[in-house]
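Next up is a structure, given as C-alpha cells.
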Amino acid sequence: AGCSSDKASGGGEESVTVVLKTLSSPYWKYVEAGAKEAGKDLGVDVNIVGPASESQVIEQVNMIEDSINQMPGAIVVSPSQPSTVVPVLKQATQGDLPVLLIDTDADFDEKTAFIGTDNYTAGQEGGKLLASMLEKGDSVALIAGALGNSAMDARIKGAKEELEKAGMKIVAEQPADSDKTKAMSVMENIMQKNKDVKGVFSANDDMALGALRALEGKGDIPVIGTDGTVEAVESIIAGKMAGTIAQSPYDMGYQGVENALKTIKGEKIEKRIDSGIDIITKENAQEKLEFLQSISK
Amino acid sequence: MSEVIIQKKPAPSEKKSFKHFLGKFGALIGLIILSGILTLLSDKFLTVNNIMNIARQSSINALLALGMLLPILTAGIDLSVGSILAVSIMVMGIVSVTMGFNPILGILVCLLVGIFFGWLNGILLTKLRLPHPFISTLGTMNIARGIALIITAAAPIAGFPFMIQFLGGEFIGPIPISFLLVIVMYIIFHIFLTRTQTGRYIYAIGGNKEAAHLSGINVDRVLIIVYTISGFMAALAGLVMVGRVNSAFPLAGLSYELDAIAAVIIGGASFFGGVGTVWGTLIGAMIIAVLRNGLNLLNVSADFQMAVIGVVIIAAVYVDVLRQRKSKKGS
Amino acid sequence: MSEVIIQKKPAPSEKKSFKHFLGKFGALIGLIILSGILTLLSDKFLTVNNIMNIARQSSINALLALGMLLPILTAGIDLSVGSILAVSIMVMGIVSVTMGFNPILGILVCLLVGIFFGWLNGILLTKLRLPHPFISTLGTMNIARGIALIITAAAPIAGFPFMIQFLGGEFIGPIPISFLLVIVMYIIFHIFLTRTQTGRYIYAIGGNKEAAHLSGINVDRVLIIVYTISGFMAALAGLVMVGRVNSAFPLAGLSYELDAIAAVIIGGASFFGGVGTVWGTLIGAMIIAVLRNGLNLLNVSADFQMAVIGVVIIAAVYVDVLRQRKSKKGS
Amino acid sequence: MIGDNQALLIMKGIKKSFSNNHVLKGIDLNVKAGEVHVLLGENGAGKSTLIKILTGAYEKDEGEIYWEGKHVQINNPVDSMKLGIATIYQELNVIPQLKVYENIFLGRELKQRGKASFLNHKQMREEAKRYLTMLGQSPDLADKQLSELGIGQQQLVEIAKALTLDAKLIIMDEPTASLSSTEVEQLYSTVEGLTKKGIAIVFISHRLDEIKRMGDRITILRDGFQIDTLPVRTTTTDKWIELMVGRTLDEKYPKQSFVLGDEGFRIKDFHVKGFKEKLNFTLRYGEIVGISGLVGAGRTELARAIFGADQKESGSVYIDKKEVHIKSPKDAINAGIAFITEDRKNEGLLLDQPLDFNISLANTKMFKQKNNLINLNTIKKTADNYIKELRVRPDNIELHARKLSGGNQQKVVIAKWLCTQAKVFIFDEPTRGIDVGAKVEVYRLMNQLVENGAIVLMISSDLPEILGMCDRVLVMNEGKFTADLEIQEANQEIIMKAATGG
Ligand SMILES: Nc1ncnc2c1ncn2[C@@H]1O[C@H](COP(=O)(O)OP(=O)(O)OP(=O)(O)O)[C@@H](O)[C@H]1O
Ligand SMILES: Nc1ncnc2c1ncn2[C@@H]1O[C@H](COP(=O)(O)OP(=O)(O)OP(=O)(O)O)[C@@H](O)[C@H]1O
Ligand SMILES: [Mg+2]
Ligand SMILES: [Mg+2]
C-alpha cells in the first residue's frame, strides 16, 4: 500500500475500480453511494465509472479495458450485457486481477463472486405483490423497458409468470423505453382500449410513476414499480404508488467494494452473495426513505 | 432549375387551390390514410377521448419540432433540443422545488436557460464559424446533458407547484391546455415565418446564404435568432413535460431530437434549406403521435413496434412523393 | 499573344506541401493537441498498451465512419448503420451459433445482410424517390432494429467460434487485428474514392448533383452503390464487435450513427457534399476514441465526461477553423 | 481626373490578392453622377473583384474609397447599400425558393403602415409588377417561384431588384450576358432613364457593340493595373481591344466555310413538354447552325429534351441517319452528343473541385488504365492542354473552380465537353461572359470541330455572334420555329421579327 498514490491514474494494490452500467440514474447513484461509503469506511481508493446510459454496451467494455490498464487491486463490474464483458474480464483474470460482479451476473467462471439478486426474482416478487392486491381474473398491464435491455426483460418475465400463475389476465404489454413521459403516454393509450385494467407492473420506478400519472383520477389502480428510488418511495408514502421492489443497490455497491478488498487481502469469500430484496409498501416506506436520504445527501 | 415548366398556368381555379393546399401540406394524405387504417383496426381510435389523448401526447414533440423547423429551414440542424429541455427543467426544479422560490420565477428561469443554450448554439455557429451546426449543437447536446446530470447528481425532482403543472397537465373542458398552447405557438410561428422580415430571411438564408448576405441580410444575426428560438421552444416543451409527469429528470428528452427532426422532414421540409411550413411540421408530429398511439391501442408487441414504425415513416413520405409525381405529370 | 503575365507559381516547395497536407487533414492538429494534453495529465496515456487499447476501441467507429463518409460525400446521411450492424450480427449468431453452421457461412451471411439493408436504403432513396436519405435510413433504422429484436426474441447470443472472433479479438504481436483491418479498409477506400470512376462520381454527385447528371453520370446507380457499401461496412463493424465481446445482442450499435457522423464531420467533410477524405475521417474517429480513453484514464466522472466531450468536440473543430482562417489571411 | 469635384465615387490605389495571385495591383477609378462608366478587361482581369471590394463583399488589401468626396469604410454589403450603391453581381444572387417579388425586395422589404413588424406583401407584389413591366416582362412573373425561371429571366429579376433600391450608383456586372436583344433594348432605355435622373451606372460587359451604345466613359483593366480611362464616343473599339489585350484583333468572327456534307443529325416530330408544335430540323456536316430567340423562347428546353436531361413527350433523334434512343444524359453522351449548358454554376461546374476534375468529369472512363484505376497524370496532362488552349487564367489545374472568374469558369465548362470528343456539340450560350479575345478562341475551336467532322449547334442570344459564325439560323418563338434562314438572307431585323413571333 502507498506505493502508488498517483491520483490521476488511480491504480495500485489498495484500489478498487467499479464499472457500473451507467451513472446517470438514481438507482446507479445508490450503488455508487454504497461503493464510496465502503471505500471511506475501509480506507481504500475507489474509482467509480460508468457510461452515459445503460445502452452503451461497448463503451462499458472500453471502460473496463481502460480500468484494467491502470492496474487496480480489484475490479467490480455490473455488466450491461452480461455476455459482452466476458472476453475482457478473462483478460483481467489472466493477469491475476480479481473480478467481482454486482447486480447482474454473467456466465463467467473465473469471477471471484457475484453480489446481487437477479432481476427475474425481483420481477417475480413484483408480480406476487401486485397479485396480492387484486382478485383472480383481473386485467393487468405491463410496462416494459426498451426491448433488449436484459435486466428489464427479466423483470417483466418474472412478473408475468407470477401474475399468470395467480390467475390474472395480462391485457397489455408495451414498451416505454425507461422514459417517464413515454410511459405516461403508453399507459394513457392502454387505458383507451382496456378501461378495466385493475393493476400495473412496471419494469422500473420511473415508468411506474409515469403510468401512475396517467391513471390519476381513474380510480384506485395499484401500480408496482421496481428499483426503490426516492421519488417512488415518496409516492408510496403519499399513498399513490402501491409498492416497489428494491434490490438494495446501496448494499450491492458497499458489499462489492468490501468483498473486493477482502479478495485483495487474500481472504476467501463466497462465490454468490445475496444482497437481498426489499419489498416496499406503505408499511415500511417511511423508514426506507430515511435510509435513502441518509445515503444521498 | 431542372423542372422548367413553360406552359402558361391557368387562372387560379378551385381545383388549383385544393392542389395548392395539398402541395403545401402533402403529408396530410399520409396522416389521413394512417388514421383511416387505425379507425378500421380499432374502434377505440376515433373517439373524442382518444383524439384528446393524441393531442396531449403529441404536444411535446410538436413544440420541439416547431423549434427545429427553423434551423432546418436555414439548412442547419439542432441536435441539442432534448438536452436543452433537460437542463431547463432541472434548473427550474432546483429553483422552484428544491429552493422553493415562486413558480413564476421557476418558469422564467426555465425559459431563460433554454434561450441561453439556444443562443450559445447560435454564437458557436456564427462567431466561432464552426463549419456546420451539427458540430456546435452536438457539442451543446453533450454539455447541456452533462450539466443537467451534474447539478442534480442525476436525481429527479418531483412535486412541482400547480402553476408550473398548469400548461402540461390541465384541461379546458376535454381539451388539454398543452394542445391549445401548440396551436397558439404554431399560429404565431406561421405569422412569424410568412409575415415578418426575419421570418422571410430565414427562408432566404436557407435558399442561398451567399445571396442573402449580398442582399444586405445580417445572416449571423438571423442564425442566432433561429437557434435561440429553438432553445426557447425546447424549454417550453420541457415545461409541458413537467406539467405532464409532474417531475423533472436529467435524462428527460433523451434522443427526442430524432423525433423532432423526423416530424419536420415528414412534414415536407428540406434538409437543404428554404423549404418547409409550420403546418407540414404539425402534420409530421401528428403522424408520429398517431402511429405510437395506434400501436399501443392494437397492443402490437414491442419487437414488431419498431419495424412497423420504420415502415410507416417510409410509407407516409412515399404517399407524398407519389402525389407530387402525379400532380407534376397531370399539369 | 496577350501580355498578361500571371505570376509563375513557385515549384511545390516543402512549405507548400506541408500546408497542403494540413489543409487536407486539418483535424490532425486537434488530435495532436488533445494527445499532448493527455500525455501531460496521465502517465498511462502514452504507453504501448494504451495506444493499442485506443486502436482497438476506435476500430468499430472507424469502420462505421468510413462507410458513413460515402453517403455524406453525396450530401446524404445514413442513420441506419447501428441497426444494420445489429441485425447482421444477430443473423450471424443464429446461423453460426444457434444453428451451428460453418463460421465462414456465418460471416458471409452477416456481410450479406449488411449489404442487403444498405442496398434497400439505396433503392428506397432512388427508386421510391424519397426526398432525403434521412427518411429512408430512419425507416430502415427502425425496421432493421425491429428485425434484430424479433428474430431472437431480444435475447443475446454468445459463444461464437474462433474464426468469427478472429477479426475483432485477436492480435498480431501487440497489434490488434481489428486495427490492421481498419488500416487496410481505409487504404482501399482511399484508392476507391480517388482512383476509380465510381469514386470520383461520388464526389461529383455531392458537389453538384445536377451537373453530375448532365455529365452523363447515372446518379441513382452511384447512390445505390454508396448506401450498399455503407451497409456492408456496418456489417463488417459488427463482425469486429462480435469478435471483441464474443457476443451479439439486439441493441448493439444503438445510436452509433451519431459517433460515426461526428467522426466524418470532425474529419473535415461537409454535410453539403463533395468535400471530405478518408484520412480526415480516420483522424475524426481517433479524436473521439482518444477523448473517451483519456477521460476514462483521468477518472473523470460520467456526468462531467459528457460536458467535457461536448467542449472538446467543439474545440477540436474550432482549431481547424482557426488554422484555415489564418492560412487564408496569411497568404 | 481624380479629385474632380463632380465625382460621385473615387477608388484610389486599390490592391487585392488571393493567395499568390495578385489580382489588383493599384486600381484608380472615378465615377461621375449620371454617367455610364464601363469597365473592360479580359476574363480574370479583376473587374468583378474590384466591384466586390466596392460593395463590401471582399476586403481590400490596400487603397481608399471616397463617396461624394468623403472617405468611407465599406465592410459589408449593408454599408454599400446604405451609401446608395445597388449591385447586380455577375453570378446570380437569387433565392430559388422565394417568389419573384420577394426576391426583388429581398433585404429591404416593405412593411405595413402602422404595424411596422409585418410585411406588406400586397404592396411589394404591386411594385414588383411595375418594375417587371418596365423591363418588358409580363407582370404575372411577380408571383412565380424563382426556381421556375430560366437564367435570362432570373437576370431580369436581379435588375429589377437593383432598381428598387433608391440608389445613386448601380453596378451591373455583365447584366446582359444571358439576355437577348429585345431585353437588352429594354435595359438600354431603363438605363437612359436612370442616368437622366443623375444616377450613375458602372457597367461591365464583353459585348463591345453594347458598350459603344450605352457607355460614356470606359476604364480598361489589364494585368492588375488600370491602363486608361477614355471617353467612349471618341475612341474606337479596336483601340479598346488593343489596350485590353495588348494587341489588335484581326477579326472578331473568324468564320471559316467548309464544304457542305451529308445529313449528320436530325430531330423528327420532336415533342417537348409544353410546346405547341412538334419540331423538326436537320444538321449537315460542314455547317454551324444557330438557334436564336428571346429569353424564354424554349431553346434551352429543346436542347435539354434532346440531351435526355428532361423527358421528351415523343419524337426521334437521328445521328448519321440512324435513330438513337436517348433517355438520359448518359445515353446522349454515349451516342456522341455533348451539351454545353448555359448555367455554369448550377448545371456545369463542381465549384469545390479542381479544374482537372471538372474537365474530366463527362469522360472519366477515357482515363481508365488497364487495371481500371483512373490515371491521374493523364487527366492532369489533358486538362492542362485544354486550359492552355482556351487560355484559362490562372492556368493552374489544381485550383478549385470556385476561385476562377466567371468567364474563365465558362471556358472550363467548354473544356469539359471538348474532352468528351463528341460528334454532336450543342452549345447553349457558349460565350456567356467570355472576353473578346477568348471568344475568338472559342469560335476557332468551333471551326476546328466542324473541320474535324463534328456537328455544331449553337444556341445564342448574341445576335452578332449568330450572324458572324453561323451558316444557318433557326429562330424560335414560344416553343416553335418561326424561321429557318441561310445566313446570307438573315439580318438583325429579320431575326428579331421572327423571334417576336411575327
Ligand atoms: N474567391 C477567390 N479566390 C481566389 N481567387 C479568386 C477569387 N475570386 C477571384 N479570384 C481570382 O481573381 C482574378 C480576377 O477575377 P475576377 O472575377 O475579378 O475577374 P473578372 O475581371 O471579373 O473576369 P470575368 O470577365 O471572367 O468575369 C482571377 O484570376 C480569379 O481567379
Ligand atoms: N410563355 C411563357 N410565359 C412565361 N414564362 C415562359 C414562357 N415561355 C418560357 N417561359 C420561361 O422561360 C424559361 C424557359 O425558357 P428556356 O430557358 O428554354 O428559353 P431560352 O430560349 O433558352 O431562354 P433563356 O435565355 O432564358 O435560357 C422557363 O423558365 C419558363 O418559365
Ligand atoms: Mg467578372
Ligand atoms: Mg437558354
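The values are calculated or read from the model by the stated rules, or taken from the named source; none is laboratory data. Remember, predicted model here, so these are calculated numbers, not experimental data. In this analysis, Cβ positions are derived from the backbone assuming ideal geometry, glycine residues included, and neighbour counts consider all displayed protein chains. Areas reflect the complete protein model, heavy atoms only, side chains present, ligands, DNA and RNA absent. Shrake-Rupley method; radii C 1.70, N 1.55, O 1.52, S 1.80 Å.
Restricting to DSSP H runs of at least four residues, report the calculated mean residue ellipticity at 222 nm for chain D, -39500 (n - 2.57) per run over all residues, nearest 500 deg cm²/dmol.
Calculated mean residue ellipticity at 222 nm is -9500 deg cm²/dmol.
Quick one: if you take sqrt(5λ) for each eigenvalue of the C-alpha gyration tensor of the range D:141-236, what semi-axes come out, biggest first, whole angstrom?
26, 15, 13
Of the cross-linked pairs D:Lys15/D:Lys381; D:Lys15/D:Lys403; A:Lys180/A:Lys271; D:Lys365/D:Lys439; B:Lys209/D:Lys423, which ones have a Cα-Cα span greater than 28 Å in the structure shown?
D:Lys15/D:Lys381; A:Lys180/A:Lys271; D:Lys365/D:Lys439; B:Lys209/D:Lys423, as the Cα separations exceed 28 Å there.
Tell me which residues come under 5 Å, amide H to amide H, from D:Phe339 once H is placed; ignore anything under 5 positions away on its chain.
It is D:Ile426, by chain and number.
While we're here: Could you work out the mean count of beta carbons from other protein chains within 10 Å of each residue's beta carbon in A:46-56?
Averaged over the peptide's residues, the number is 4.
Would you mind checking which residues have amide H under 5 Å from A:Val46's amide H? H placed 1.01 Å from N; only 5 or more apart, or other chain.
Under 5 Å from the amide H of A:Val46 lie the amide H atoms of A:Val16, each far enough along the sequence or on another chain.
With 16 Å as the cut-off, how large is the P(r) tail for the range D:350-421, expressed as percent of Cα-Cα pairs?
Pairs farther apart than 16 Å: 39 percent.
Could you put B:Ser35, C:Ser88 in order of accessible surface area, largest first, with the 1.4 Å probe and the full protein assembly present?
Correct descending sequence by accessible area is B:Ser35, C:Ser88.
Please work out the C-alpha center-to-center distance from the range C:221-277 to the range D:65-132 and express it in whole Å.
Here the two parts' Cα centres lie 45 Å apart.
Principal axis extents for the range D:296-412, Cα atoms only, whole Å, descending order, please.
Principal extents (Cα only, largest first): 44, 41, 23 Å.
Does the range D:4-245 come out rounded, prolate or oblate, given a ≥ b ≥ c as the square roots of the eigenvalues of its C-alpha gyration tensor, rounded meaning a/c under 1.5 and, failing that, prolate meaning a/b above b/c?
prolate
How large is ³J(HN,Hα) for each residue in the range D:136-142, as worked out from phi by the Karplus curve 6.51 cos²θ - 1.76 cosθ + 1.60 (θ = phi - 60°), to whole Hz, x for Gly and Pro?
Result, ordered by residue: x, 9, 5, x, 4, 4, 4 Hz.
Cβ under 14 Å from D:Val473's Cβ, D:Val473 left aside: what net charge do those residues give with Lys, Arg +1 and Asp, Glu -1?
Counting the neighbours of D:Val473, the net charge comes to -4.
To continue, here is another question. Order D:His71, D:His400 by their accessible area, 1.4 angstrom probe, all chains in place, largest first.
D:His71, D:His400
Here's a follow-up. Give me the angle, in degrees from 0 to 90, between the Cα long axis of helix A:249-264 and the longest principal axis of the Cα atoms of chain A, rounded to the nearest 10.
Taking Cα atoms only, the helix is inclined about 20 degrees.
Just to confirm the numbers: B:Phe162, label point 7 angstrom along the Cα-Cβ line, distances to the other copies in nm, shortest first?
In nanometres, ordered from closest: 7.3.
Then there is this: Would you tell me the accessible area of D:Glu451, worked out with a 1.4 angstrom probe on the heavy atoms of the protein chains, in Å² to the nearest 10?
Roll a 1.4 Å probe over it and D:Glu451 shows about 110 Å².
Output the relative contact order of chain A, whole-number percent, from Cα pairs under 8 angstrom with separation of 6+ residues.
20 percent
In addition: Cut-off under 18 Å on the C-alpha distance; same-chain residues fewer than 8 positions from A:Lys36 excluded. Which aspartates and glutamates are left, in chain and number order?
Those aspartates and glutamates meeting the cut-off are A:Glu13, A:Glu14, A:Asp45, A:Asp103, A:Asp251, A:Glu258, C:Asp303.
While we're on this one: Suppose the Debye formula is applied to equal point scatterers at every Cα of chain A; what is log10 I(q)/I(0) at q = 0.16 Å⁻¹?
So the normalised log intensities work out to -1.16.
What do you reckon, how do A:Val77, A:Val46 stack up by accessible area (1.4 Å probe), largest on top?
Greatest to least solvent exposure: A:Val46, A:Val77.
So what is the calculated 222 nm ellipticity per residue for chain A, using -39500 (n - 2.57) for each DSSP H run with n of 4 or more, over all residues, to the nearest 500 deg cm²/dmol?
Counting only the DSSP helices, I get -14000 deg cm²/dmol.
Using the Karplus equation 6.51 cos²θ - 1.76 cosθ + 1.60 (θ = phi - 60°), what ³J(HN,Hα) coupling, rounded to whole Hz, does each residue of the range C:52-63 give in order, writing x for Gly and Pro?
In residue order, the calculated couplings are 5, 4, 5, 4, 5, 5, 7, 5, 4, 5, 4, 6 Hz.
Taking every DSSP beta bridge that has both residues in chain A, what percent is antiparallel when rounded to the nearest 5?
10 percent
What does the C-alpha gyration tensor say about the overall shape of the range B:44-330? Classify as rounded when a/c is under 1.5, otherwise prolate if a/b is larger than b/c, or oblate.
In terms of gyration-tensor shape, oblate.
Then there's this: Could you tell me which trypsin sites (Lys or Arg not before Pro) in the range A:178-213 are loop residues by DSSP with no more than 12 other beta carbons within 10 angstrom of their beta carbon?
A:Lys195
While we're on this one: How many angstrom separate the Cα center of the range B:19-90 from the Cα center of the range D:196-274?
First find each Cα centre; the distance between them is then 57 Å.
Now a separate question. Could you look at chain A and say what percent of its accessible area is carbon and sulfur, using a 1.4 Å probe and all protein chains?
C and S fraction of accessible area: 47 percent.
How much net charge surrounds B:Phe117 when only other residues with a Cβ under 15 Å from its Cβ are counted (Lys, Arg +1; Asp, Glu -1)?
Here the count lands on -1.
For C:237-245, what's the mean count of beta carbons from other chains sitting within 10 Å of each residue's beta carbon?
Average neighbour count from other chains, rounded to a whole number: 3.
So for the protein assembly as shown, what percent of the C-alpha to C-alpha distances run longer than 50 Å?
Roughly 38 percent, once rounded to a whole number.
Per residue of chain C, what 222 nm ellipticity follows from adding -39500 (n - 2.57) for every DSSP H run with n ≥ 4, rounded to the nearest 500?
-24000 deg cm²/dmol
Something else now. Return the average number of partner chain Cβ atoms within 10 angstrom of each residue Cβ along peptide C:255-266.
Counting other chains' Cβ atoms within 10 Å and averaging over C:255-266 gives 3.
Sticking with this one: Rolling a 1.4 Å sphere over the protein heavy atoms, what is the accessible area per residue of the protein assembly as shown, to the nearest Å²?
Normalised by residue count, the accessible surface of the protein assembly as shown is 36 Å².
Let me ask something additional. So in chain D, what percent of DSSP beta bridges are antiparallel if you round to the nearest 5?
In chain D, approximately 55 percent of DSSP beta bridges are antiparallel ones.
Write out the trypsin sites (Lys or Arg not before Pro) in the range D:177-233 meeting two conditions: DSSP loop, and at most 16 other Cβ atoms within 10 Å of their Cβ.
D:Lys197, D:Arg233
Residue by residue through the range D:369-374, what is 3J(HN,Hα) from phi via Karplus (6.51 cos²θ - 1.76 cosθ + 1.60, θ = phi - 60°)? Round to whole Hz and write x for glycine and proline.
With coefficients 6.51, -1.76 and 1.60, one gets 7, 4, 7, 6, 7, 6 Hz.
Here's another thing I want to ask about it. With the label 7 angstrom out along Cα to Cβ, how close does B:Met99 come to the same site in each of the other copies, in nm, nearest first?
6.2
Write down Rg/Rh for chain D, rounded to two decimals, with Rg from the C-alpha atoms and Rh from the Kirkwood relation over Cα pairs.
Ratio of gyration radius to Kirkwood radius: 0.97.
Rounded to the nearest 10 Å², what accessible area does D:Leu243 have for a 1.4 Å probe in the complete protein model?
Solvent-accessible area, nearest 10 Å²: 30 Å².
If you put +1 on each Lys and Arg Cβ and -1 on each Asp and Glu Cβ, how big is the dipole of the protein assembly as shown around its Cα centre, in Debye rounded to 20?
Using only the charged Cβ atoms, the result is roughly 3340 debye.
Can you give me the solvent accessible area of A:Ile273 with a 1.4 Å probe, rounded to the nearest 10 Å²?
Rounded to the nearest 10, the figure is 30 Å².
When only Cα pairs under 8 Å and 6 or more residues apart are kept, what is the percent relative contact order across chain C?
Across chain C, relative contact order equals 33 percent.
Then there is this: In percent, what relative contact order does the range D:4-245 have, based on Cα pairs under 8 Å that are 6 or more apart in sequence?
27 percent
Of all DSSP beta bridges in the protein assembly as shown, what percent run antiparallel (nearest 5)?
45 percent
Give the distance, in whole Å, between the Cα centre of the range A:39-92 and the Cα centre of the range D:381-395.
62 Å
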